[in-house]
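Q: Below you'll find the structure I mean.
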Amino acid sequence: MVRLFLTLSPAIPRFNLYPGISILATYPSLRLQKHLKFKTKTPAFSLISPSSSPNFQRTRFYSTGTRIYSLPNSENSNFDDNLVVLGIETSCDDTAAAVVRGTGEILSQVISSQAELLAQYGGVAPKQAEEAHSRVIDKVVQDALDRASLTEKDLSAVAVTIGPGLSLCLRVGVRKARSVAGNFSLPIVGVHHMEAHALVARLVEQELSFPFMALLISGGHNLLVLAHKLGQYTQLGTTVDDAIGEAFDKTAKWLGLDMRRSGGPAVEELALEGDAKSVKFNVPMKYHKDCNFSYAGLKTQVRLAIETKEIDAKCPVSSATNEDRRNRADIAASFQRVAVLHLEEKCERAIDWALELEPSIKHMVVSGGVASNKYVRLRLNNIVENKNLKLVCPPPSLCTDNGVMVAWTGLEHFRVGRYDPPPPATEPDDFVYDLRPRWPLGEEYAKGRSKARSMRTARIHPSLTSIIRADSLQQQT
């Protein structure tokens, strides 16, 4: 059973992203689909035919196939706040869509949760998740448009997550996005899921400008990055095995908690009843002088502690005896303390590295599903304040996977001309979509390179940063 949550978020005014630049409409309209006639070319780094619009220049496009159209002197141009983008997110277990204006006003936000499936399978089952996405994607997108009181004809572009994530799930969102874009002649923006988690903070925090640091923590990712500017990131650290969200989910499952709420909130709630120092867990990678993470060993420690206390996961915590519940609460609290202490230690070192590279940093963003955890926010805020930085966390509704972050990231790239032209209105059933299930966000910092997991062997697609840098160099030659 898939539960559908329809939420109309309150309008969130978007403040000026670029100090000193007035956000007034220099161009009467940037409704590109009406002004441009796109020509699709397949060779890498071909030149796109000049547009009939005087506001756009001919330029190169990514070797990955993404076309780039540039506004003249776009960095110094004023933006058209009338831009409206539909964002679609299906990278894992939630089907989400949202409509966002160029001002940052959230016109609608719709999320279909797969909570029942998570409880049934004890985690994400890719094939079942894909089927659930397919059943609700049309309704989710239509509801997002209806609640925004718009139709597809009112959109400026469509943004969709193309990676990283589960291929089967990504395909559902990309197929729908291309269908909408093709049928209504809309440009389409392929979005990096982790960049979207980082950039959504810029929608709600008026002071957040580049460069800044970001810790992105979720069920599948532990990522420390330095954001130099849009599309330009240095990876300071990542997980060498499991992410913190995976550890929370497994702990919740082994403790017999209600997985319909997902593991993180369930563990956080039970931990409030426990003694965080009652069970002695070792902090992972304590003597590794880098910024990488590891949660596989902590998961093993938790499982062994549960076995020692003879806790039966088949017996839900709601039916446990007082002593059994206390044991479970102590394990939950002790696990949470050590899991977050691991984050604290690595973040402290990463901030030092980042300040060496970009001394002007003033903010650290913490985003992703695990960033909704109040204990995580509290502990990391102490670390950040000690380094004279400001912690920026999106509201919980924008930390978990959502369409708003995709729409906003699409807007940011769309403004500087990074998008694809409208796809064909109809595509063959065997069409191969551009999906990037393993797609690094930035290039590794030399000090942070992991011997246990090198991006040189782990990745399939070039990082987003390397793609954009390569195109910039092509345009300069």
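Q: Contour minus end-to-end for Asp434 and Lys139, with contour as 0.36 nm per residue of separation and end-to-end as the Cα-Cα distance?
A: 103.8 nm
Q: Assuming R0 = 45 Å, can you tell me the calculated FRET efficiency for the pair Gln120 and Leu150, based on Cβ-Cβ distance, to the nearest 0.05?
A: 0.80
Q: Could you give each residue of the range 295-303 its phi-based ³J(HN,Hα) in whole Hz, using Karplus coefficients 6.51, -1.76, 1.60 with θ = phi - 60°, and x for Gly or Pro?
A: Using θ = phi - 60°, the values come out as 10, 5, x, 5, 4, 5, 4, 5, 4 Hz.
Q: Name the aspartates and glutamates eligible as straight-distance cross-link partners of Lys362: C-alpha to C-alpha under 20 Å, and not fewer than 8 places from it in the same chain.
A: Leaving aside aspartates and glutamates fewer than 8 places away in the same chain, those within reach of Lys362 are Glu195, Glu205, Glu207, Glu344, Glu345, Glu348, Asp352, Glu385.
Q: Efficiency by 1/(1 + (r/R0)^6): what FRET value for Ser167 and Arg377, r their Cβ-Cβ distance, R0 = 30 Å, to the nearest 0.05?
A: 0.40
Q: Would you mind working out the magnitude of the charge dipole of the range 218-288 relative to its Cα centre, with +1 at each Lys and Arg C-beta and -1 at each Asp and Glu C-beta, to the nearest 20 Debye?
A: I would put it at about 200 debye.
Q: What is the calculated FRET efficiency for Lys127 to Ser466, with r their C-beta to C-beta distance and R₀ = 41 Å, to the nearest 0.05?
A: Once rounded, the FRET efficiency stands at 0.80.
Q: Taking 0.36 nm per residue of separation and subtracting the Cα-Cα distance, what length does fully extending Lys277 through Glu356 add?
A: That works out to 24.9 nm of additional length.
Q: Also, quick follow-up: Which one of Leu255, Asn388, Val279 has its Cα pushed farthest toward the positive end of the charge dipole of the range 251-393, where Lys and Arg give +1 and Asp and Glu give -1 at the Cβ?
A: So the residue furthest toward the plus end is Leu255.
Q: Report, by chain and number, residues whose modeled amide H sits under 5 Å from the one on Val365, excluding near sequence neighbours (fewer than 5 apart, same chain).
A: Met213, Ala214, Leu215, Val392
Q: How would you classify the range 275-427 from its alpha-carbon gyration tensor, with a ≥ b ≥ c the square roots of the eigenvalues: rounded for a/c under 1.5, else prolate if a/b is greater than b/c, otherwise oblate?
A: oblate
Q: Quick one: which of 376-388, 393-405 comes out on top by average Cβ neighbours within 10 Å, and what's the full order, highest first?
A: Peptide ranking by packing, descending: 393-405, 376-388.
Q: Convert each backbone phi in the range 325-339 into a coupling constant with the Karplus relation 6.51 cos²θ - 1.76 cosθ + 1.60 (shift: θ = phi - 60°), then list the ³J(HN,Hα) values in order as whole Hz, x for Gly and Pro.
A: 5, 5, 4, 5, 5, 5, 5, 4, 5, 5, 4, 4, 4, 6, 4
Q: Treat every Asp and Glu Cβ in the range 238-344 as -1 and every Lys and Arg Cβ as +1, leave all other atoms uncharged, and give the resulting dipole magnitude about the Cα centre to the nearest 20 debye.
A: 120 debye
Q: Given the peptides 197-210, 428-441, 264-277, 281-294, arrange them by the average over their residues of other C-beta atoms within 10 Å, most packed first.
A: 197-210, 264-277, 281-294, 428-441
Q: Given the Cα-Cα distance of Ala425 and Lys390 and 0.36 nm per residue of separation, how much length would full extension add, in nm?
A: 8.0 nm
FYI, it's all coordinate maths here, none of it is from the lab. Note that the structure is a prediction, hence the values are computed from the model and not measured. In this analysis, Cβ positions are derived from the backbone assuming ideal geometry, glycine residues included, and neighbour counts consider all displayed protein chains.
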